[in-house]
Structures are given as structure tokens and as C-alpha cells.
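Below is one structure, written out as C-alpha cells; the observations come after it.
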Amino acid sequence: MSIKNPVPISGAYSTRPVNAAVHEDALRTATHLRVALAAPDRVLAITGLEDVDGASILAREVARALALVGQEPVVLVGSRELMETGELPGLADVLMGHTELDSVLPEPDSNGLVSLPPGRLPVNASALFSSLECTRLFATLKARFRYVIVDAGPLRSPESLLLMTHCDAIAVALATGLRRRADALEAQREVARLHKRLMGVILTRRK
């Protein structure tokens, strides 16, 4: 299962949490992406059709690998995994004007990655992601970081589609053994509707 694209980033990833070591497949993908994400196209959304595709873990792994390989500042925006840590202020709080960006950006981890939590999302997140404030925020992140990786959430979510309008390119995670060619074609159509560059499909293993 594949979609023709200029960047051969398809690989196999586990969708279970991993330890501090960067996944070997993520390092290979990061090497490809460093070539493909040339200026000014440096904001990459990683999405899947549904949560089962493991896009959130994949986004974290690819972001960590990019930071490690390039030794350059990388920010992971809206990490859905960080939702489990509670009411951490983050992206949504900045967009609503409740806090400043610098106050919610943590120090880089050991790989050089900065993770911006999704924040306390309101019921109507669509209004936030379609706002001028969101456009300005992404412009700021793009100016401050070499790469901006966005954990965009499921491709079938309206909020996720709005968030991806602020990105330059999109990579799609699909679960091996679950997804079929029809799913890959659906993902291709959704990305085409956004008029964004499709970087490729990344296969994930469900554990």
C-alpha cells in the first residue's frame, strides 16, 4: 500500500510508547525529510485517518529524530500524548490570549526537541484553528525553529483539517494490517482538498 510521492518515507513504526532511544526508522525518515522540507516549506503535519493509526507517537518520534539528526531546533506542536498529563497550558491557551507563547514552551529535551502541549481546548476548537491568531502563531514558530512538526490528530476530524491548513506539507500514518488501498486513496483525496503537499504514507505497527 503506497501513494506515489517524491519522498520515500514509508516505513514501519510501533504505535506503542518507546523509551528515550530514537527509533531507527524515525532516523531514516528524518534524513529524507531534512532534504524534502526545504525552506520555506518547514511545517509538517503528521496525521492518520483515526487514532488507531498511531500518528501521535509517530509525530513525536519523527520530531525527536529531526532534532537529533540535524542538531537544529525542532518544535512538536499539539502533542496529543501530552493530553494525558492533565491541564497543561499550551497551544489553545496561547490562541485564546490566556498566556504568552514563551511561558508554555518548555526547555528542549535531551534530543533538542521542544514539545508544545495542545493546551486546554475549548468545545469549539475550530474557531481557534481558523483564527488569525493561529496563523500568526505558526509564523512565529516557523521563524524560531528549523522545523515545526504538528501532531494534527485524525484526518477525519474537522478541527484537524483546519489545523493542517497552517502547514506546508502533510504525512499520513496508516496502520499495517488494518488499512487497505481504499484508505490510502481516501487520505490522498483529503490532503488534495487542502491543497497541501503530500509527503507520503508511513506504515505503523499496532502493538
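What is the percent of Cα-Cα separations in region 99-207 that go past 25 Å?
30 percent
Using +1 at the C-beta of Lys and Arg and -1 at the C-beta of Asp and Glu, which of Gln71, Leu49, Pro122 has the Cα lying farthest in the positive direction of the dipole of region 12-205?
Leu49
Calculate, in nm to one decimal, what Ala38 and Arg144 gain on full extension: separation in residues at 0.36 nm each, minus their alpha carbon distance.
On the way: separation 106, 0.36 × 106 = 38.16 nm, distance 1.54 nm.
Using 0.36 nm per residue and subtracting the Cα-Cα distance, I get 36.6 nm.
Is region 146-207 rounded, prolate or oblate when judged by the Cα gyration tensor, a ≥ b ≥ c being the square roots of its eigenvalues, rounded requiring a/c under 1.5 and prolate requiring a/b larger than b/c?
prolate
If you wrap a convex hull around the Cα atoms of region 120-165, how much volume per residue is inside, in Å³?
Considering the Cα atoms of region 120-165, their hull volume per residue is 83 Å³.
Indicate the gyration tensor shape class of region 12-205 (rounded, prolate or oblate), computed on the Cα atoms with a ≥ b ≥ c the square roots of the eigenvalues: a/c under 1.5 is rounded; otherwise a/b larger than b/c is prolate and the rest oblate.
rounded
Once R0 is set to 30 Å, what does the formula 1/(1 + (r/R0)^6) return for the Cβ-Cβ distance between Ala192 and Ser130, expressed as a FRET efficiency to the nearest 0.05?
0.90
Expressed as a rounded percentage, what relative contact order does region 12-205 have, with Cα pairs under 8 Å and six or more residues apart?
Once normalised by length, the contact order is 30 percent.
Could you compute the FRET efficiency for Asp102 and Val52, with r as their C-beta to C-beta distance and R0 at 45 Å, rounded to 0.05?
So the FRET efficiency works out to roughly 0.80.
We did not get these values from a lab; they are worked out from the coordinates using the rules stated. In this text, all values refer to a predicted model and were calculated from it rather than measured experimentally. For neighbour counting, all protein chains shown are included, and Cβ atoms are generated from backbone atoms with ideal geometry for every residue, glycine included.
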